1. For the range 177-212, which residues satisfy the criterion of being assigned to a helix (DSSP H, G or I), open to solvent by 50 Å² or more (accessible area, probe 1.4 Å) and of a type outside the set (A, V, I, L, M, F, W, C)?
2. Within the range 130-150, how many residues are away from ligand 1 (no atom under 11 Å from the Cβ) and open to solvent by less than 30 Å² (accessible area, probe 1.4 Å)?
3. Just to check your reading of the model, which residue among 305, 277 is surrounded by 24 or more Cβ atoms within 10 Å (Cβ to Cβ), on the phi > 0 side of the Ramachandran plot and either in contact with a Phe, Trp or Tyr (Cβ under 7 Å, 6 or more places away or on another chain) or at pLDDT below 95 (or both)?
4. Kindly check whether there is at least one residue in the range 185-197 that is among the hydrophobic types (A, V, I, L, M, F, W, C), modelled with pLDDT of 95 or more, in contact with a His (Cβ under 8 Å, 6 or more places away or on another chain) and closer than 25 Å to residue 149 by Cβ.
5. Search the range 97-140 for residues being touching a strand residue (DSSP E or B) at 6+ places or on another chain (Cβ under 7 Å) and in a helix (DSSP H, G or I), and hand back the single one that is farthest from ligand 2 (Cβ to nearest atom).
6. Take the conditions under 13 Å from the mean Cα position of the chain (by Cα), aliphatic (A, V, I, L, M) and crowded, with 18+ Cβ neighbours inside 10 Å and apply them to residue 329. Does it pass?
7. Since residue 296 meets every condition but one in (1) open to solvent by less than 50 Å² (accessible area, probe 1.4 Å); (2) touching a residue at least 24 places away in the same chain (Cβ under 8 Å); (3) more than 16 Å from ligand 2 (Cβ to nearest atom), which condition does it not meet?
Amino acid sequence: MATSLHISGVQAFHSTFSKTSFSFQPLGTQQRLDFAVPLVSVPALRATLKVPSESRDLRISCQGGNANILELCETENQGFEELANQLTCVMKFGGSSVASAERMREVADLICSFPEERPVIVLSAMGKTTNNLLLAGEKAVSCGVSNVFDLKELDFVRSLHLRTVDELGVDGGLISKHLDELEQLLKGIAMMKEMTPRTKDYLVSFGECMSTRIFAAYLNKIGVKARQYDAFDIGFITTDDFTNADILEATYPALAKRLYDDWNSDPAIPIVTGFLGKGWRTCAVTTLGRGGSDLTATTIGKALGLREIQVWKDVDGVLTCDPNIHQHATPVPYLTFDEAAELAYFGAQVLHPQSMRPAREADIPVRVKNSYNPKAPGTVITRSRDMSKAVLTSIVLKRNVTMLDIVSTRMLGQYGFLAKVFSTFEDLGISVDVVATSEVSISLTLDPSKLWSRELIQQASIGYKDVCHCLDA
Ligand SMILES: Nc1ncnc2c1ncn2[C@@H]1O[C@H](COP(=O)(O)OP(=O)(O)O)[C@@H](O)[C@H]1O
Ligand SMILES: N[C@@H](CC(=O)OP(=O)(O)O)C(=O)O
């Protein structure tokens, strides 16, 4: 006869587990128990299964989808208590949400208004800090070492952070080392008269490193125990593609181990730098592309198998259109991961284009909320939604698109023509966005971030008899 067990007290693993009951034959202590659920990206873990009818727990260890029963013990409700104390969700606050001391206070109040949650907090740099750091770097290239101190962008970053520390009443020493180092770095750029992508990433990392230190100190000051983490020190391992690095799989188990180990030994709300990682070969600081803190949040959600990922913005959720273009845009209550990814990919500034991937893989809902208007329901992004009444979800405007028209009578009734066209794109390393074909023509749009692709196409089309038109739309 099958016995039904309920999972409880699970530590550091994928969310699928916490929602599932398993059925299996009664087991002896040395027998194997095979789960029919995927253990995404968590190579090894420990868990406790509760046998309700016998008020005892089975301790198990899992490896590659198999679980070994290690021991049977009489532990009353210990498993349930462990679960009840685990981290529950991610809350990511963007630059606009933490732009000043006043905003930081409001965000702290907002976090405290959810006493039932034990969140991991992800923060971006304060306000326009990233833009100012980049501008300061660009100016430093040509301004001369002696003028670095007076750069207005450096002054903006310095005074914003010192003012915030002062207004929140936390120790200024927390960020003085960073401000000194930032000035040294800009002097280095001025001396070398160049700013490489690697230097750029190191330069912008000061924004998130300072905002998280200030915020963690403020939470501790008001009696909410918090611990600051630099993402590049806790397992965010990325490719070495500076300014646009990709998260590598090794990140998930490394993060889970570090954050759960610390939480289990000394619980404190983790305050993690968004946007940053560590290149796996260079070990240098990398960034995940502009707006990358959303990706930091969903990566943590997947690594820890949390219940929900919240991204707090300055708008009431994902809107039907960019509010800067159409001021009467309204919030979209539900989206699928695929819809959100597509909107982001085609330029909706509200989410990072890669950020839906970890959430979709781990099937964790993402809630987009407004930190200025927490009562607004926001947008919930899940795997599927009721599409029966969906007509048009949201409109995105993408500028600087290059459109390519290829007209040829050789396509009529032929095969392999498209393959030949796309192999040319592959050879040239050009990414294609949208394709429309008829019997006599193909129209394509090309990634606007690669404007040089237009010249490449023109070179490649020399020698073709077919007609190629390139238009910038
Ligand atoms: N479809 C859209 N829905 C919501 N916001 C959008 C949309 N398209 C563009 N935006 C812009 O994205 C901004 C929110 O994203 P962002 O500034 O990155 O927030 P944060 O810095 O807080 O993470 C909004 O202020 C809005 O101007
Ligand atoms: N500070 C980085 C990362 C980020 O995600 O910021 P925000 O959450 O404010 O878009 C940027 O400006 O790109």
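The values are calculated or read from the model by the stated rules, or taken from the named source; none is laboratory data. Source: prediction; values computed, not measured. Note that each Cβ is placed from the backbone with ideal geometry, even for glycine, and that neighbours are counted across all protein chains shown. These area figures cover heavy atoms from the full protein model, side chains too; ligands, DNA and RNA do not enter into them. Shrake-Rupley method; radii C 1.70, N 1.55, O 1.52, S 1.80 Å.
1. Once the filter is applied, which keeps residues that are assigned to a helix (DSSP H, G or I), open to solvent by 50 Å² or more (accessible area, probe 1.4 Å) and of a type outside the set (A, V, I, L, M, F, W, C), the range 177-212 yields 177, 180, 181, 184, 187, 197, 198, 200, 202.
2. 7
3. 305
4. The answer is no, given that none of the residues of the range 185-197 is among the hydrophobic types (A, V, I, L, M, F, W, C), modelled with pLDDT of 95 or more, in contact with a His (Cβ under 8 Å, 6 or more places away or on another chain) and closer than 25 Å to residue 149 by Cβ.
5. 111
6. Judged against the criteria, residue 329 is not a match.
7. That leaves (3) as the condition not met.
Let's see how each residue does on (1) within 16 Å of residue 91 (Cβ to Cβ); (2) within 16 Å of ligand 2 (Cβ to nearest atom); (3) open to solvent by less than 20 Å² (accessible area, probe 1.4 Å); (4) hydroxyl-bearing (Ser, Thr, Tyr):
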| residue | (1), (2), (3), (4) |
| --- | --- |
| 214 | no, yes, yes, no |
| 217 | no, no, no, no |
| 220 | no, no, no, no |
| 228 | yes, no, no, no |
| 233 | no, no, no, no |
| 241 | no, yes, no, no |
